[in-house]
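Colleague: Sharing a structure below in structure tokens format, with a few things to ask.
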Amino acid sequence: MADRILVLYGSYRSDRAGIRLANYAVRTLNAHGFEAELIDAKQVDLPMLDRMYKEYPSGEAPEAMETLASKIREADGFVFVTGEYNWGMQPGLKNLTDHFLEEWYWRPAGIVSYSAGRLGGARSALIWHGTLAEMGMVVISSSVTVGPIAKTLDENGTPIGDAGQSLERSFARFVDDLGWWAEAAKRQKQRRPLPF
């Protein structure tokens, strides 16, 4: 059975360049034998965080939150596709992520960042690394930074030029790293119970 990977994307802007990268990630993961699904924060449309999923009585969470909680629990790993806003993280993706906690535990997460500039969202990726680790995920060491995004992927998420070739090389290593950790996590869960 293929490893299930959720690709989480969080821009709410009307002209979203990062969706190119999110679609590329889903397509490429699927081509490598994973079962990848895009979770678009704008489409899920959770409210600004008031109560976390676990704070609702059983069966009373909003339907979108209940559905997403189930998908997170069933996933073998996660890819966070994040842009950089003023040296920080995208609020839409952070808001979606913060609605859950224990649902994320004991699975690997990879960070794929982008920006219009040459740093490719690296500062956002750095912030996400600590946040995801605090939320119980094992953040893989491989990361992918894409910038400038418009010179790396066309509107369909197809790599273009030298920057696109560089993305394909770095993403191949990223996929191998994520797959290794997803398999390791599944095997460890079979060997011994989770510590909490």
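The values are calculated or read from the model by the stated rules, or taken from the named source; none is laboratory data. Note that the structure is predicted; figures quoted are calculated from it, not measured. Cβ sites come from the backbone with ideal geometry, for glycine too, and all protein chains shown count toward neighbours.
Colleague: Looking at Phe100, Phe171, can you tell me which residue is closer than 14 Å to Val26 by Cα and either touching an Asp or Glu at 6+ places or on another chain (Cβ under 9 Å) or at pLDDT 95 or above (or both)?
Modeller: Answer to the check: Phe171.
This table checks each residue for (1) closer than 18 Å to Ala185 by Cα; (2) of a type in the set (Val, Ile, Thr).
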position	(1), (2)
Val44	no, yes
Pro47	no, no
Ala61	no, no
Ala64	no, no
Arg73	yes, no
Asp76	yes, no
Gly83	no, no
Gly88	no, no
Pro108	yes, no
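Colleague: Please go through region 125-162 and pick out each residue that is assigned to a loop (DSSP other than H, G, I, E, B) and either buried (at least 21 other Cβ atoms within 10 Å of the Cβ) or in contact with a Gly (Cβ under 9 Å, 6 or more places away or on another chain) (or both).
Modeller: Those that are assigned to a loop (DSSP other than H, G, I, E, B) and either buried (at least 21 other Cβ atoms within 10 Å of the Cβ) or in contact with a Gly (Cβ under 9 Å, 6 or more places away or on another chain) (or both): Met137, Gly147, Pro148, Thr152, Asp154, Thr158.
Colleague: Restricting to region 79-93, name every residue that is surrounded by fewer than 18 Cβ atoms within 10 Å (Cβ to Cβ) and either at pLDDT below 90 or closer than 27 Å to Arg173 by Cβ (or both).
Modeller: Tyr85, Asn86, Trp87, Gly88 - these are the residues of region 79-93 that are surrounded by fewer than 18 Cβ atoms within 10 Å (Cβ to Cβ) and either at pLDDT below 90 or closer than 27 Å to Arg173 by Cβ (or both).
Colleague: Here is a further query. State all residues of region 107-118 that are hydrophobic (A, V, I, L, M, F, W, C) and surrounded by fewer than 17 Cβ atoms within 10 Å (Cβ to Cβ); if no residue qualifies, say none.
Modeller: From region 107-118, those hydrophobic (A, V, I, L, M, F, W, C) are 109, 111-112, 116; that's our starting set.
The answer is Ala116, and nothing else.
Colleague: Considering each residue of region 66-94, count those that are assigned to a strand (DSSP E or B) and more than 23 Å from Tyr24 (Cβ to Cβ), and give that number. Give the steps one after another, and end with the answer.
Modeller: Looking only at region 66-94, we keep the residues that are assigned to a strand (DSSP E or B), and these are 77-85, 88-89.
Going one step further and asking which of them are more than 23 Å from Tyr24 (Cβ to Cβ), we end up with 88.
Number satisfying all stated conditions: 1.
Colleague: Quick check, is Met48 in a loop (DSSP other than H, G, I, E, B), among the aliphatic types (A, V, I, L, M) and out of contact with any helix residue (DSSP H, G or I) (no Cβ under 8 Å at 6 or more places or on another chain)?
Modeller: No.
Colleague: Condition first: part of a helix (DSSP H, G or I) and surrounded by 21 or more Cβ atoms within 10 Å (Cβ to Cβ). Now tell me which residues in region 1-23 satisfy that.
Modeller: Selection gives Gly18, Arg20, Leu21, Ala22.
Colleague: Next up: Condition check: of a type in the set (Val, Ile, Thr), touching a helix residue (DSSP H, G or I) at 6+ places or on another chain (Cβ under 8 Å) and surrounded by 14 or more Cβ atoms within 10 Å (Cβ to Cβ). Does Val26 satisfy that? If you could, list the steps in order and put the result at the bottom.
Modeller: Working: of a type in the set (Val, Ile, Thr): yes; touching a helix residue (DSSP H, G or I) at 6+ places or on another chain (Cβ under 8 Å): no; surrounded by 14 or more Cβ atoms within 10 Å (Cβ to Cβ): yes.
Criteria not met by Val26.
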